[in-house]
Amino acid sequence: MNVLGVGSGPGEMDLHMLRKIQEKHPGVHITNDVVDPSSDHIGKYKELVSKSQNLENVSFNWNQMSSQEYEQQMKEKNDNKKWDFIHMIQVLYYIQNFEETLTFFLKHLEQNGRMLLILISGNSGWASIDKKYSTCLPLQNDTCAVISSHFIKDIIQKMGIKCQHYDLPSVIDITTCFNDGSEEGTLLLDFVTQTLNFSKSAPPSLKAEIMKYLRGPECSTVKDEKIMFNNNSGAVVIEP
């Protein structure tokens, strides 16, 4: 069985999925191709593999490069390899021509294969912030775009390809963002707004407006006096 992970990071999620494949297909040899541009991620992934047990039937091919570079390499080599399972988890934000990339890898999916894409949900707080404040906050830039799982699902269906969408509920406690002087809250606010030193750099009126929006129903719910940010993701499973 051939598996391709695009943007695998340090490998925790990849190994979890490999375990699931082993459970479903005991004894089957798995060739796992890893693509990630970060040497740090690749190094941590290799270390994790070295410390893991029961991977005797799994072989790893390490490719320290971006998905675009890997795609170009395959084209130059006229490589027609196909995979039974391709996964791209929280990756498409960083691929400029993501529709072309999806089309390319779909051509390299086995007839009965599956592709898994995980992204922020279209009903998440992230998507709400982007929709309302995309012109004020650097959520989108030359290297990153806000793309939701619902948006990708619609694109895939317009391509005439069968897919299923699954909600992955998640929340982040952002209560400390509203505590003046909280170092944790300041850093968390930078993370949520994707803006370095947001508390100090944002105009007071904009900061007040966004803080109000963050604790509102579009982004969060209040439970037991805690403000829980909607961090939902969505999984799109493609079944050509």
Quiz item: In the stretch 123-133, is there at least one residue being of a type in the set (A, V, I, L, M, F, W, C), open to solvent by less than 40 Å² (accessible area, probe 1.4 Å) and farther than 21 Å from N97 by Cα?
Solution: yes
Quiz item: Looking at G185, G216, G181, which one is farther than 25 Å from L102 by Cα, free of Cβ contacts under 8 Å to residues at least 40 places away in the same chain, surrounded by 16 or more Cβ atoms within 10 Å (Cβ to Cβ) and not hydroxyl-bearing (S, T, Y)?
Solution: G185
Quiz item: Does at least one position in the stretch 15-26 carry a residue that is open to solvent by 30 Å² or more (accessible area, probe 1.4 Å), under 25 Å from P240 (Cβ atoms), acidic (D, E) and without any contact (Cβ under 8 Å) to a residue 40 or more places away in the chain?
Solution: yes
Self-check item: Matching option when the condition is polar (S, T, N, Q) and under 17 Å from C163 (Cα atoms), among Q73, Q111, Q96
Solution: Q111
Practice problem: Determine the pairs where a residue that is closer than 28 Å to V28 by Cα, located within the stretch 63-86, has a partner that is modelled with pLDDT of 95 or more and among the polar types (S, T, N, Q) with Cβ atoms under 6 Å apart, the partner being 6 or more residues away or on another chain. | Solution: Q64/S39; Y70/N63; W83/N2; D84/N2
Self-check item: the stretch 72-97, residues that are within 22 Å of K153 (Cα to Cα) and open to solvent by less than 30 Å² (accessible area, probe 1.4 Å)
Solution: W83, I86, H87, M88, V91, L92, Y93, I95
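The values are calculated or read from the model by the stated rules, or taken from the named source; none is laboratory data. Model, not experiment: these values are computed from the prediction. Note that each Cβ is placed from the backbone with ideal geometry, even for glycine, and that neighbours are counted across all protein chains shown. Accessible surface is based on the protein model in full, side chains and every heavy atom, while ligands, DNA and RNA are left aside. Shrake-Rupley method; radii C 1.70, N 1.55, O 1.52, S 1.80 Å.
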